[in-house]
1. With the checklist (1) surrounded by fewer than 19 Cβ atoms within 10 Å (Cβ to Cβ); (2) at pLDDT below 95; (3) not acidic (Asp, Glu) in hand, flag the one item Phe196 doesn't pass.
2. Take the residues of the stretch 160-189 that are part of a helix (DSSP H, G or I) and open to solvent by 100 Å² or more (accessible area, probe 1.4 Å): which is modelled with the lowest pLDDT?
3. Could you check the stretch 225-242 and list, in sequence order, the residues that are part of a loop (DSSP other than H, G, I, E, B), of a type in the set (Gly, Ala, Ser) and in contact (Cβ under 8 Å) with a residue 24 or more places away in the chain?
4. Quickly run through the stretch 199-224 and pick out the residues that are touching a Ser or Thr at 6+ places or on another chain (Cβ under 9 Å), part of a helix (DSSP H, G or I) and not hydrophobic (A, V, I, L, M, F, W, C).
5. Ala118: at pLDDT 90 or above, open to solvent by less than 20 Å² (accessible area, probe 1.4 Å) and either closer than 30 Å to Asp335 by Cβ or β-branched (Val, Ile, Thr) (or both), yes or no?
6. If I filter the stretch 138-157 for residues that are farther than 20 Å from Thr258 by Cα and without any contact (Cβ under 8 Å) to a residue 12 or more places away in the chain, do I get at least one hit?
7. For residues that are in a loop (DSSP other than H, G, I, E, B) and not basic (Lys, Arg), tally how many sit in the stretch 269-287.
8. Only one of Leu352, Leu345, Leu333 is over 26 Å from the mean Cα position of the chain (by Cα) and within 21 Å of Ser25 (Cα to Cα); which?
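The values are calculated or read from the model by the stated rules, or taken from the named source; none is laboratory data. Nothing here was measured: the structure is a model prediction, and the numbers come from that model. So basically every Cβ, Gly included, is an ideal-geometry build from the backbone, and we count neighbours across all protein chains shown. Accessible surface areas use protein heavy atoms only, side chains included; no ligands, DNA or RNA. Shrake-Rupley method; radii C 1.70, N 1.55, O 1.52, S 1.80 Å.
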Amino acid sequence: MPYIDVPTQGEIFRLASIREPACVSIYVHAAAGPDASDTARIEVHTRLRSATELLKAAGTDADTIESIRAAVESLLVERDFWRRDTRTLAIFVNGTSLVSFHLANRLLGLTEVSDRFAITPVLRATTFSRSAFVLALSQNAVRLIEVSSTSPASEIVVPDLPHDLKTTVALDLTNDRQTLAHLRTSEDPKVRMREFSQAVDRALRPIVADSNRPLILAAAEPLASIYRSVSSYARLGGETIPGNPEQKSALELAASATPILDAAHSADLATQIARFHESTSRGLADDTLTGVSLAATSRAIDTLFVDIDHRLPGRIDELTGIITRNAVENETLYDVIDEIVRRALSSDARILALRGSEVPGSGPVAAILRFPVHA
């Protein structure tokens with residue numbers, strides 16, 4: 001079975017676009033401990049039974065139900081799948097496919113059967129991914145470390161990555177005291193560091209160019225500032241892991257990167273919330289469920305804030321965006337907040353999947369608008 005640790009934007013779009021009967025979404029929280037995988041398997045099995053009952057009540061044909069059941073049962077006995085550390089397991093299955101994610105985020109358990117998948121909770125992983133690259137850079141060594149909260153940090157093999165400054169710029173100072181004395185009293189060492197940094201940047205481009213992960217630099221001065229001056233990667237982090245990284249392991253560098261990532265996420269969220277409040281004064285923000293639904297339907301949302309734990313059964317009119325609520329969830333309905341997210345995604349809005357208290361305003365959704373929308 002295919003599974004993905006951090007969902008890509010393309011995978012989320014694909015899941016969001018599926019419209020067919022018998023779409024089953026299962027989220028299972030995996031507690032830590034030696035029996036974590038067994039506990040998670042039991043919960044998946046329990047939620048599969050609940051989904052099966054909902055499918056039967058909806059009149060789903062027996063072959064489709066059996067296909068869904070067999071796909072999940074096959075996952076339950078797949079050894080490699082259950083060896084992976086995870087905090088939440090998300091499974092999306094219908095009669096023809098199964099996709100699963102090992103997520104680092106702690107999400108509430110959920111079983112939903114509808115004509116579309118419940119995608120909002122999984123977006124928490126893209127809002128706060130806790131994944132990054134760390135570039136450990138010194139004059140004597142260069143390493144690129146992959147950081148993920150679902151697997152141990154590891155070094156990435158980068159073709160043509162320079163080994164060190166000396167061999168990269170072909171500067172041989174052996175027994176050349178006159179040249180060495182000159183370099184110590186001139187700007188030439190920084191020129192060499194710049195050439196070295198440019199070579200490192202060129203080697204990294206094919207690896208990081210298409211990624212949305214931040215790149216955190218671990219380096220001492222003046223090399224750290226010189227590298228920053230030549231880096232072409234737009235997501236180079238503003239904070240540096242200081243000091244010489246040569247003696248630090250991949251795990252130590254990942255541990256140093258964690259508070260930097262947390263601070264960057266907090267700063268970004270604060271910036272977006274400030275944007276929301278500033279946009280409110282210009283009529284370009286809304287925190288009402290009705291208003292945000294209309295804006296999503298009108299493709300007017302620039303940035304959507306959404307509470308991942310709030311669910312509201314109902315339907316949204318395809319043309320008007322008007323919400324019809326229902327106090328009881330059943331197979332003929334879906335989560336209207338999830339549908340707002342889906343419509344915002346279809347117009348390339350940025351989605352910030354948050355906990356309830358983090359959402360600005362007074363409701364489960366809020367939005368910064370591209371243009372005013374009126375009922």
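1. Answer for Phe196: the failing condition is (1).
2. Quick first cut of the stretch 160-189, residues part of a helix (DSSP H, G or I) only: 165-168, 177-184, 188-189.
Now restrict to residues that are open to solvent by 100 Å² or more (accessible area, probe 1.4 Å): 166, 177-178, 182, 184.
Details: Lys166: 86, Arg177: 56, Gln178: 56, His182: 52, Arg184: 49.
Among them, the one singled out is Arg184.
3. Initially, the stretch 225-242 is screened for residues part of a loop (DSSP other than H, G, I, E, B), giving 231-235, 237-240, 242.
Okay, now just the ones that are also of a type in the set (Gly, Ala, Ser), so 231-232, 234, 237-238.
Listed by number, the residues that qualify are Ser231, Ser232, Gly237, Gly238.
4. Asp201, Arg202, Arg205, listed by residue number.
5. Judged against the criteria, Ala118 is a match.
6. Yes, the stretch 138-157 contains at least one residue that is farther than 20 Å from Thr258 by Cα and without any contact (Cβ under 8 Å) to a residue 12 or more places away in the chain.
7. So the first thing to find is which residues in the stretch 269-287 are in a loop (DSSP other than H, G, I, E, B), and the list is 281-284, 287.
Restricting the remaining residues to those that are not basic (Lys, Arg) gives 281, 283-284, 287.
Summing the residues that are in a loop (DSSP other than H, G, I, E, B) and not basic (Lys, Arg) in the stretch 269-287 gives 4.
8. Leu333
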